[in-house]
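Enquirer: Before I ask anything, let me first share the structure, which is written out below as structure tokens.
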Amino acid sequence: MQATTIATLYPALLHAHIALVVLSVGLFAMRWVGVLAGGHWPMQRRTRVVSMVFDTALLCAGVTLWWLLQLHPLQQPWLGTKLALLVMYIVLGTFALKRARRWVGKLVFGLLALAVVAHMVAIAQTRNPVGWLSP
Ligand code: HEM
């Protein structure tokens with residue numbers, strides 16, 4: 001790929017990726033609070049579709065950045081760690097919104113999901129698997 005193409009596409013994609021992180025995680029947090037408050041809207045079809053669109057767009061922007069920068073998850077431990085944490089975030093999120101039977105379970109799983117996503121942001125910013133703990 002030409003250096004000029006990368007120089008043009010990279011900033012736009014990075015901004016789109018960050019905006020989608022805010023939309024996707026923001027909607028997850030609102031749905032979680034809504035579920036804890038006993039609301040029905042967080043699990044309605046319309047909400048789930050919007051959430052899926054944000055999540056898919058976020059994933060696509062991430063994968064395109066990955067391809068553009070020619071990164072390899074095994075040679076770049078921060079990316080491999082971030083992808084493993086993404087799986088953990090998705091699993092914790094399903095427990096926070098639906099699978100946990102008790103209110104307190106949903107509360108704890110939601111807090112853990114948000115902690116994992118905060119660590120993913122730290123990893124992306126520092127390009128280090130330990131994130132903000134890096135020297
Ligand atoms: C909840 C999911 C995700 C969060 C919270 C997240 C967060 C972020 C943030 C905040 C940045 C900007 C870092 C900075 O320059 O300050 C970033 C960059 C990046 N993300 Fe993500 N991301 C997520 C998903 C993904 C996925 C699924 C992939 C790949 C498949 C990915 C690949 C990348 C790449 C390659 C960069 C560019 C790093 C650089 O230029 O140094 N991200 N991510």
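The values are calculated or read from the model by the stated rules, or taken from the named source; none is laboratory data. Everything numeric in this text was worked out from a predicted model, so none of it was measured. We place every Cβ from the backbone using ideal geometry, glycine too, and count neighbours over all the protein chains shown.
Enquirer: Can you name the condition, by its number, that Ile18 falls short on among (1) more than 19 Å from the chain's Cα centre (by Cα); (2) in a helix (DSSP H, G or I); (3) at pLDDT 95 or above?
Expert: (1)
Enquirer: Sticking with this one: Which ones in region 7-50 are of a type outside the set (A, V, I, L, M, F, W, C) and more than 12 Å from the ligand (Cβ to nearest atom)? Break it down stepwise before answering.
Expert: First, pick out the residues of region 7-50 that are of a type outside the set (A, V, I, L, M, F, W, C): 8, 10-11, 15, 17, 24, 26, 31, 34, 38-40, 42, 44-48.
If the condition is that a residue be of a type outside the set (A, V, I, L, M, F, W, C) and more than 12 Å from the ligand (Cβ to nearest atom), then Thr8, Arg31, Gly34, Gly38, Gly39, His40, Pro42, Gln44, Arg45, Arg46, Thr47, Arg48 are the ones that fit.
Enquirer: Say we look at region 62-103 and pick out the residues that are within 9 Å of the ligand (Cβ to nearest atom) and in contact (Cβ under 8 Å) with a residue 40 or more places away in the chain; which of these is surrounded by the fewest Cβ atoms within 10 Å (Cβ to Cβ)?
Expert: Selected residue: Leu69.
Enquirer: Pick from Thr47, Thr56: which is in contact (Cβ under 8 Å) with a residue 12 or more places away in the chain, under 27 Å from His15 (Cβ atoms) and assigned to a helix (DSSP H, G or I)? Quick ask: steps written out before the conclusion?
Expert: Values: Thr56 fails: in contact (Cβ under 8 Å) with a residue 12 or more places away in the chain.
Among Thr47, Thr56, only Thr47 is in contact (Cβ under 8 Å) with a residue 12 or more places away in the chain, under 27 Å from His15 (Cβ atoms) and assigned to a helix (DSSP H, G or I).
Enquirer: Conditions: (1) surrounded by 12 or more Cβ atoms within 10 Å (Cβ to Cβ); (2) more than 9 Å from the ligand (Cβ to nearest atom); (3) farther than 29 Å from Phe109 by Cα. Ala57 meets all but one. Number of the miss?
Expert: Among (1) surrounded by 12 or more Cβ atoms within 10 Å (Cβ to Cβ); (2) more than 9 Å from the ligand (Cβ to nearest atom); (3) farther than 29 Å from Phe109 by Cα, Ala57 violates only (3).
Enquirer: Just to verify a result, which residue in region 73-98, among those that are touching a helix residue (DSSP H, G or I) at 6+ places or on another chain (Cβ under 8 Å) and in a loop (DSSP other than H, G, I, E, B), is nearest to Val116 (Cα to Cα)?
Expert: Of region 73-98, the ones touching a helix residue (DSSP H, G or I) at 6+ places or on another chain (Cβ under 8 Å) are 73-74, 78-79, 81-82, 85-86, 88-89, 92-93, 95-98.
Restricting the remaining residues to those that are in a loop (DSSP other than H, G, I, E, B) gives 73-74.
Values: Pro73: 18, Leu74: 20 Å.
Once the filter is applied, the top-ranked residue is Pro73.
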